[in-house]
Amino acid sequence: QPQPQIKGLSGLIHLSKRLLANASFVTPGNRLADVGTDHGYIPIALVQEGKIPSALAMDVNPGPLERAKEHIQEFHLESYIHTRLSDGVQSLHPGEADSVLIAGMGGALTVKILQEGEEVLKTVKELILQPQSEIDKVRRYLEQAGYRITKEDMVWEEGKYYPVMRAEAGEMHYDCEIFYHYGKLLLENAHPILRKYLQQRKELCEQILEKLNRDGKAEERTRERIREIKEEMQRIHRALTDYYDEM
């Protein structure tokens, strides 16, 4: 099927830094399933660029899906991008997609979608994941579910940090706790945005610890929080020392 002609339409979609990072991880020529598509911008941009032949824009909520549909129609891409109401990948059929993108959700929800869609996801070539929280849980799940992370990036936009990863079928055994939290490939490449994130977290942890110690409450919850903060500080120290030569 020939790629759509963009001339005379309302121009090309311009993606934010975060969306651009996610889109860049999709292997050219792959059919994409965009889970939690929201506005449908990533499938639109990738089809416009001729990077992918087709896409499924999926969302659990009718509202965002309707918005995505309007944008797809606005760019006359209905023949290339179809919308589908779906809770995670529940409505995805085997063999329909080569790449599955799950972005902008919490880590626990990301893992839930991966677990519930385990069977259909075995039929795709790659997962592109951009969890917003509990990223270590996502990496742990991938390791035990028979995936390996083949590419990682991190962007900073409007005061927030966004890690993105590509996972494919294969073995991965992390022998170091910091890999789950910060990303083995990001650390090995001494990624500059990760360094900025680690330095910011270090300062924040120091401030929180100082406040907790100053308050001096001996409650179990406070003691537990102090322990968690100290553990995170140890991880940050190791990451900065081993991979960024910071003492």
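The values are calculated or read from the model by the stated rules, or taken from the named source; none is laboratory data. Predicted model, so just to flag it, every value in this text is computed and none were measured. Positions of Cβ are generated from backbone atoms using ideal geometry, with glycine treated the same way; all protein chains shown enter the neighbour counts. With ligands, DNA and RNA removed, areas are computed over all heavy atoms of the protein, side chains included. Shrake-Rupley method; radii C 1.70, N 1.55, O 1.52, S 1.80 Å.
Those helices (runs of 4 or more DSSP H) of segment 80-190 in which at least 1 residues are small (Gly, Ala, Ser) and surrounded by fewer than 18 Cβ atoms within 10 Å (Cβ to Cβ), considering only elements entirely within it, cover 107-116. When segment 18-38 is examined, which residues are found to be of a type in the set (D, E, K, R) and either open to solvent by less than 30 Å² (accessible area, probe 1.4 Å) or more than 20 Å from residue 88 (Cα to Cα) (or both)? Matches in segment 18-38: 18, 34.
Could you tell me whether segment 223-245 includes any residue that is in contact (Cβ under 8 Å) with a residue 60 or more places away in the chain and either open to solvent by less than 70 Å² (accessible area, probe 1.4 Å) or not in a helix (DSSP H, G or I) (or both)? Scanning segment 223-245, I find at least one residue that is in contact (Cβ under 8 Å) with a residue 60 or more places away in the chain and either open to solvent by less than 70 Å² (accessible area, probe 1.4 Å) or not in a helix (DSSP H, G or I) (or both), so the answer is yes.
Residue 64 meets the conditions (1) at pLDDT 95 or above; (2) not in a loop (DSSP other than H, G, I, E, B) in every case but one. The failed one is (1). If we scan segment 153-167, do we find a residue that is β-branched (Val, Ile, Thr) and within 30 Å of residue 199 (Cα to Cα)? Yes, that holds for at least one residue.
Of the residues making up segment 179-236, those that are modelled with pLDDT of 95 or more and among the small types (Gly, Ala, Ser) are 183, 190. Inclusion of residue 47 among residues that are at pLDDT 95 or above and under 25 Å from residue 132 (Cβ atoms) is not warranted.
Filtering segment 63-79 to residues that are among the small types (Gly, Ala, Ser), free of Cβ contacts under 8 Å to residues at least 60 places away in the same chain and open to solvent by 20 Å² or more (accessible area, probe 1.4 Å) leaves only 63. The number of residues in segment 39-61 that are part of a loop (DSSP other than H, G, I, E, B), buried (at least 23 other Cβ atoms within 10 Å of the Cβ) and of a type in the set (A, V, I, L, M, F, W, C) comes to 1.
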